[in-house]
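First the structure, in the form of structure tokens, and then the observations on it.
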Amino acid sequence: MASAAFEDIVEDFEFLEDWEDRYRYVIDYGKAMAAMDDALKVPSTKVHGCASQVWLHPTINQGIFSFDGDSDAMIVRGLVAVLRALYSGLPVAEVGLVDARAELARLGLNDHLSAQRSNGVRSMIDRIRLITAEAEKG
């Protein structure tokens, strides 16, 4: 249950033969993501549990979830962009149904991220789920 943008990433990864190429892809994907306004980088948007600084600013418009994000680390910014592709554009009610771990495993990310980076990704996913669960409650 992934977005079309995430499916495009999966297809691109199928053509990349080694992890270094995939790693570069994730970094470039993050570089291509629109910059998050510095005014949104406040304590309430900061994700705790990440080794790097990470900010996620959610938007829910007519029941559709999206978010802007940023990080001070290039690979983490790329991971933010990948999560953005996975979740943005989904109805709020569907966000919690996404098995992010399984979807990211399709990219091989679970096997190639350090424990700290994996914990950070998990923290970002937890924040996204919390935001959308609260939005569903009204």
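Readers should treat all values here as calculations from the given coordinates under stated rules, not as data from a laboratory. Because the structure is a prediction, the values reported are computed rather than measured. So basically every Cβ, Gly included, is an ideal-geometry build from the backbone, and we count neighbours across all protein chains shown.
Could you pull out the residue among A81, A35 that is under 22 Å from E11 (Cα atoms) and without any contact (Cβ under 8 Å) to a residue 60 or more places away in the chain? Walk me through how you get there before you give the answer.
Working: A35 fails: under 22 Å from E11 (Cα atoms).
Going through A81, A35 in turn, the sole match is A81.
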Pairs where the first residue, in segment 7-30, is in contact (Cβ under 8 Å) with a residue 60 or more places away in the chain and the second is of a type in the set (A, V, I, L, M), C-beta under 6 Å, 6+ apart: I9/A85; F13/L107; R22/L16
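Based on this model, can you work out whether I27 counts as closer than 19 Å to A133 by Cα and surrounded by 12 or more Cβ atoms within 10 Å (Cβ to Cβ)? I'd like the intermediate steps shown before the answer.
Details: closer than 19 Å to A133 by Cα: no; surrounded by 12 or more Cβ atoms within 10 Å (Cβ to Cβ): yes.
Here the answer is no, as I27 does not meet what is asked.
Within segment 14-27, track down each residue that is of a type in the set (A, V, I, L, M, F, W, C) and within 16 Å of the chain's Cα centre (by Cα). Step through it out loud before you land on a result.
Going through segment 14-27, the residues of a type in the set (A, V, I, L, M, F, W, C) turn out to be 15-16, 19, 26-27.
Of everything in segment 14-27, those that are of a type in the set (A, V, I, L, M, F, W, C) and within 16 Å of the chain's Cα centre (by Cα) turn out to be V26, I27.
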So S44, is it more than 21 Å from A102 (Cα to Cα) and either in contact with a helix residue (DSSP H, G or I) (Cβ under 8 Å, 6 or more places away or on another chain) or β-branched (V, I, T) (or both): no
Tally, over segment 1-34, of residues that are out of contact with any helix residue (DSSP H, G or I) (no Cβ under 7 Å at 6 or more places or on another chain), within 17 Å of E103 (Cα to Cα) and among the basic types (K, R): 0
Selection count where residues are without any contact (Cβ under 8 Å) to a residue 60 or more places away in the chain, farther than 19 Å from G30 by Cα and in contact with a strand residue (DSSP E or B) (Cβ under 9 Å, 6 or more places away or on another chain), scope segment 60-73: 2
Residue among V121, V95, V82 that is of a type in the set (A, V, I, L, M) and touching a strand residue (DSSP E or B) at 6+ places or on another chain (Cβ under 7 Å): V95
Scan of segment 32-50 for residues that are surrounded by 12 or more Cβ atoms within 10 Å (Cβ to Cβ) and either touching a strand residue (DSSP E or B) at 6+ places or on another chain (Cβ under 9 Å) or assigned to a helix (DSSP H, G or I) (or both), ordered by number: M33, M36, L40, K41, T45, K46, V47, C50
